[in-house]
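This report concerns only the one structure given below.
Just so it is clear, none of the values below were taken in a lab; they were calculated from the coordinates. Bear in mind that the values here come from a model prediction, so they are computed numbers and not experimental data. All Cβ positions, glycine included, derive from the backbone under ideal geometry; neighbour counts span all protein chains shown.
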Amino acid sequence: MAEQTMVGALNMALARAMTDDHDVVLFGEDVGKDGGVFRVTDGLLDRFGPDRVLDTPLSEAAIAGVAVGAAAQGLRAVAEIQFSGFAYPAIDQMVNHAARLRNRTRGRLSCPMVLRMPYGGGIRAPEHHSESPEAMFAHIPGLRVVIPSSPRRAYGLMLAAIRDPDPVVFLEPKRRYRAVREDVPDDGVALPLDRCFIERDGGDVTLVAWGAMLAECHTAAEALAGKGVQAEIIDVATLKPFDADTVCASVEKTGRCVVVQEATLTGGFASEVAATLAERTLAALRAPIERVAGWDTVMPLPRLEALYMPGVARIVAACDRAMSYA
Amino acid sequence: MKEVATFSISHTGIIDADGKATGELPAFARDAAELIRLYRTMVLTRSFDARAIALQRTGRLGTYGSSLGQEAAAVGVGAAMRPDDVLLPSFRETGAQLLRGVSLRELFLYWGGDERGSDFQAAREDFPICVPVGSQAPHAAGVALAFKLRQQPRVAVCVFGDGATSKGDVAEAANIAGAWNLPVVFVVVNNGWAISVPRDAQSAAGTLAQKAIAAGMPGVQVDGNDVVAVRVVVGEAIERARRGEGPGWIEALTYRLADHTTADDASRYRDPAEVTAAWKADPIARLRTWLVASGAWGRQQEQDLLQACTAEVDAAAAAYLETPPQAPETVFDYLYATLPAALAEQRARFLAEAPRHG
């Protein structure tokens with residue numbers, strides 16, 4: 001089996017889904033001949049033909065809205081928004097329609113679609129190309145919000161997202177697109193869409209993160225281990241629905257929690273994690289819950305981008321503070 | 001300099017405001033029974049409107065948007081469609097929905113604040129009423145994409161108002177429909193007003209039909225108060241799309257005789273004289289005049305029809321009012337195909353607390 005980057009794993013999952021189910025169609029800007037600006041759909045036009053891999057006009061509201069209509073007819077629409085910064089015209093379609101169609105028709109019509117988009121910073125991209133909008137989507141009833149953190153997880157979560165009968169917003173941490181390679185068996189096995197993944201066991205502090213922040217947490221955990229602190233790491237993976245049980249069980253054990261998100265602090269999903277822990281695990285907490293997040297400012301352009309990105313030093317410092325409570 | 005593009009917009013009218021034929025009658029219009037069917041649906045729409053407003057005024061229905069004056073535009077669209085086409089309406093398409101098999105009770109339920117009003121027992125693939133203006137236009141393109149990819153001879157028909165033509169959603173939908181040669185027909189029901197903003201303030205375009213030209217599809221105008229003309233023109237566009245010859249766009253000129261909704265007071269912004277004048281083009285009166293002149297209709301039939309429509313609306317209103325509210329758990333149960341475990345706990349708490357709200 002070949003080692004895959006996240007891009008390769010996503011491509012493999014899309015090809016597998018299209019092979020298994022003739023109703024799966026892909027469309028978006030430059031997804032055809034160009035294979036997507038990050039090459040996630042590379043080669044799929046040649047393999048599956050122009051009826052199943054379609055280049056759209058430059059038209060984000062139509063991309064999402066066409067997906068809603070096609071999905072209501074039973075196609076499995078997998079639509080790409082080129083960068084999450086350009087998703088805003090599509091959000092009306094996701095909030096007012098994709099998320100509600102099943103409910104407002106009492107199940108008569110539904111919306112089995114995936115809206116894929118690269119998100120997040122760290123690749124020195126131009127303005128508007130580096131933000132993390134996951135909390136906006138996670139706020140919307142009726143959507144699922146999924147974020148992979150590794151090639152293998154990207155493969156399994158993408159298959160699950162496409163097979164799911166409801167709309168899924170699939171945010172791809174582009175900083176991790178080609179960061180690592182790992183064995184990804186093309187076995188057609190989907191991952192669950194309602195579960196967090198414990199990536200590292202530890203008894204002293206729980207690190208909760210998603211997307212590109214997992215890699216930072218792993219590096220931080222190594223540093224902490226050198227100081228005798230054992231961090232447990234949880235990849236939330238599916239922000240909506242949020243598997244609070246797994247996170248709470250971990251914090252019941254460790255008594256300390258640091259939530260790490262790349263998105264700006266205020267109203268972010270880390271706040272939802274922290275609030276849930278405060279409601280459910282207060283008696284077990286031995287230290288205040290910390291949020292390590294992007295600052296409440298506009299994402300800086302590349303020359304100052306690194307100052308914004310939450311990194312190992314801030315995560316370790318937060319854990320140190322948590323450990324300083326007896 | 002050389003001219004690289006030109007366009008012209010045609011206007012079709014067949015039965016004028018005085019109930020006289022000004023153009024050649026299509027075959028279906030020579031069948032009195034068919035014209036009476038369309039007439040009946042327009043009258044039923046108006047009866048429903050009157051009852052809906054009465055129910056709203058007495059606190060038994062929610063905010064309601066009347067179809068008054070626009071009955072022909074909706075009925076013409078509905079009559080032009082085949083059963084397995086898909087309608088994506090706005091919220092004044094009662095006449096089209098009735099022809100599609102949506103029931104009066106369902107419409108009462110919808111406007112009365114009950115989701116079951118969008119769970120049409122017939123027309124299972126039709127979209128529900130769309131409130132965010134013009135946002136259903138991309139769905140129509142998506143439905144049409146599915147038809148095209150599956151090589152089904154079906155057409156998506158999307159109806160919205162003059163205000164919607166200012167929306168990006170509509171422009172994007174039209175553009176992609178043109179670029180992909182999709183079997184979809186967009187019908188702009190231009191009733192002159194988007195709440196308080198008149199047509200001329202909405203757009204500097206000379207017609208709203210010409211907005212189609214830039215998207216690479218034909219745009220035509222029709223007398224939207226002439227049900228015969230609407231059916232002909234929309235029908236031609238639908239059949240053209242069905243043959244794979246691409247999308248169509250029709251501007252149907254009509255007039256909103258009522259307030260925007262029951263929550264609106266049009267006298268704040270509209271000259272009553274304009275409304276009075278618009279009544280002269282009433283779509284129902286003109287077809288009645290035509291039918292009477294052609295000998296197919298008389299006082300007795302009219303009386304019988306009004307009684308029958310009233311009885312049908314009475315029965316539907318009674319059925320709506322007698323329909324108990326949905327069970328509380330339905331607030332959660334249609335959100336996802338399978339309720340996620342994370343929501344199950346919230347649902348249980350909701351059910352435990354729901355009775356307290358009575």
| query | Taking other Cβ within 10 Å of each residue's Cβ, how do B:R242, A:R256, A:R100 sort, fewest first? | reply | B:R242, A:R100, A:R256
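Excluding B:A237 itself, what net charge comes from residues whose Cβ is under 15 Å from its Cβ, given Lys and Arg +1 and Asp and Glu -1?
Working: positive: B:R82, B:R154, B:K211, B:R231, B:R240, B:R242, B:R243; negative: B:D85, B:E236, B:E239, B:E245, B:E251.
With Lys, Arg at +1 and Asp, Glu at -1, the net is +2.
Taking every DSSP beta bridge that has both residues in chain B, what percent is antiparallel when rounded to the nearest 5? Provide the component values of the computation, followed by the final result.
Numbers: 3 of 25 bridges.
Taking every DSSP beta bridge within chain B, about 10 percent pair in antiparallel fashion.
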| said: Under 10 Å, Cα contacts only: if you run a Gaussian network model on chain B, which one of B:A205, B:A317, B:A80 comes out with the highest mean-square fluctuation? | reply: B:A205
| query | Which of the lysines could a cross-linker span from A:K240 if the Cα-Cα distance has to be under 18 Å and same-chain partners fewer than 8 positions apart are dropped? | reply | none
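Please state the relative contact order of the stretch A:197-324 as a whole percent: Cα pairs under 8 Å, 6+ residues apart? Show your work: numbers first, answer last.
Values: 230 pairs, mean separation 37.0, N = 128.
Relative contact order here is 29 percent.
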| task | For B:K167, go through the lysines and keep the ones whose alpha-carbon is under 17 Å away, minus same-chain ones fewer than eight residues off. | result | B:K211
| Most exposed first by the Cβ proxy, i.e. fewest other Cβ within 10 Å, how do A:H22, A:H97, A:H218, A:H129 rank? | A:H22, A:H218, A:H129, A:H97
| query | Once phi is turned into ³J(HN,Hα) by the Karplus curve 6.51 cos²θ - 1.76 cosθ + 1.60 with θ = phi - 60°, what whole-Hz value does each residue of the stretch B:273-290 show in order, with x for glycine and proline? | reply | 4, 5, 5, 4, 5, 5, 4, 5, 9, 3, x, 6, 4, 5, 6, 4, 4, 4
| Cross-link partners of B:K280 among lysines (Cα-Cα below 25 Å; sequence separation of 8 or more within a chain) | B:K20
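R0 = 22 Å: FRET efficiency of B:S203 with B:A5, Cβ-based, nearest 0.05? It would help to have the intermediate numbers written out before the result.
On the way: r = 20 Å, r/R0 = 0.90.
With a Förster radius of 22 Å, E is 0.65.
Taking a temperature of 4 °C and a viscosity of 1.567 mPa s, what whole-number D in µm²/s does Stokes-Einstein yield for chain A with Rh from Kirkwood over alpha carbon pairs?
Details: Rh = 19.9 Å.
Calculated translational D: 65 µm²/s.
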| query | Which distance in nm do the two modelled labels at A:D201 and A:A275 give, with both placed 7 Å along the Cα-to-Cβ direction? | reply | 3.4 nm
| note | the stretch B:72-140 and the stretch A:230-296 have their Cα centres apart by a whole-number Å value of 45 Å
| said: Could you tell me the center-to-center distance, by alpha carbons, between the stretch A:31-79 and the stretch B:204-273 in angstrom? | reply: 31 Å
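What net charge is computed for the residues neighbouring B:A311, neighbours being all others with C-beta under 12 Å from the C-beta of B:A311, Lys and Arg scored +1, Asp and Glu -1?
On the way: positive: B:R51; negative: B:D304, B:E312, B:D314.
Overall, the nearby charge balance is -2.
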| note | For A:V24, other-chain or 5+-apart residues with amide H closer than 5 Å (H placed, Pro excluded) are A:R76
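Using 0.36 nm per residue of separation minus the Cα-Cα distance, give me the extension gain between B:Q121 and B:D314 in nm, one decimal.
On the way: separation 193, 0.36 × 193 = 69.48 nm, distance 2.00 nm.
67.5 nm is the gain from fully extending B:Q121 to B:D314.
For chain B, what does the relative contact order come out to in percent, with C-alpha contacts under 8 Å and a separation of six or more?
Details: 631 pairs, mean separation 79.8, N = 358.
Rounded, it is 22 percent for chain B.
Got a sec? How would A:C248, A:C217, A:C196 order by Cβ neighbour count within 10 Å, fewest to most?
Numbers: A:C248 19, A:C217 28, A:C196 22.
Fewest-to-most ranking of A:C248, A:C217, A:C196: A:C248, A:C196, A:C217.
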| query | Where does helix A:312-324 land angle-wise versus the long Cα axis of chain A, in degrees 0 to 90, nearest 10? | reply | 40 degrees
| Whole-Hz ³J(HN,Hα) from phi, Karplus 6.51 cos²θ - 1.76 cosθ + 1.60, for the stretch A:247-257, glycine and proline x | 5, 5, 4, 5, 6, 4, 7, 8, x, 9, 8
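Can you give the helix-only mean residue ellipticity at 222 nm for chain A, where every DSSP H stretch with n ≥ 4 adds -39500 (n - 2.57) and the sum goes over all residues, rounded to the nearest 500 deg cm²/dmol?
Numbers: 12 runs with 118 residues, N = 326.
Calculated mean residue ellipticity at 222 nm is -10500 deg cm²/dmol.
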| remark: Computed over the Cα atoms of the stretch A:3-183, the Rg and Dmax in Å are 14.9, 45
| Label-zone membership for the stretch A:1-45, site A:A179, 7 angstrom Cα→C-beta point, backbone N under 12 Å | A:6
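Using the Cα centre of the protein assembly as shown as the reference point, and only Cβ charges (+1 on K/R, -1 on D/E), how large is the resulting charge dipole? Debye, rounded to the nearest 20. Before the final figure, lay out the partial values.
On the way: 69 positive and 84 negative charges, 64 e Å.
So the magnitude is around 300 debye.
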| request: Show that you can apply the helix-only estimate: for chain B, add -39,500 (n - 2.57) for every DSSP H stretch of four or more residues, divide by all residues, and state [θ] at 222 nm to the nearest 500. | output: -13500 deg cm²/dmol
| request: Working from Cα positions, state the angle (0 to 90°, nearest 10) between the long axis of helix A:60-72 and the longest principal axis of chain A. | output: 70 degrees
| request: Tally the DSSP beta bridges in the protein assembly as shown and give the antiparallel ones as a percent, rounded to 5. | output: 15 percent
| query | Among B:E106, B:E322, B:E236, whose mean-square fluctuation peaks in a Gaussian network model of chain B (Cα, cutoff 10 Å)? | reply | B:E322
| Antiparallel bridges, percent of DSSP beta bridges restricted to the stretch A:3-183 (to nearest 5) | 10 percent
| note | Checked the protein assembly as shown with the C-alpha gyration tensor, a ≥ b ≥ c its square-rooted eigenvalues, rounded below a/c of 1.5, otherwise prolate if a/b is larger than b/c and oblate if not; verdict prolate
| message | Rounding to the nearest 10 and keeping the result within 0 to 90°, find how far the Cα-based axis of helix A:6-20 lies from the longest principal axis of chain A. | response | 40 degrees
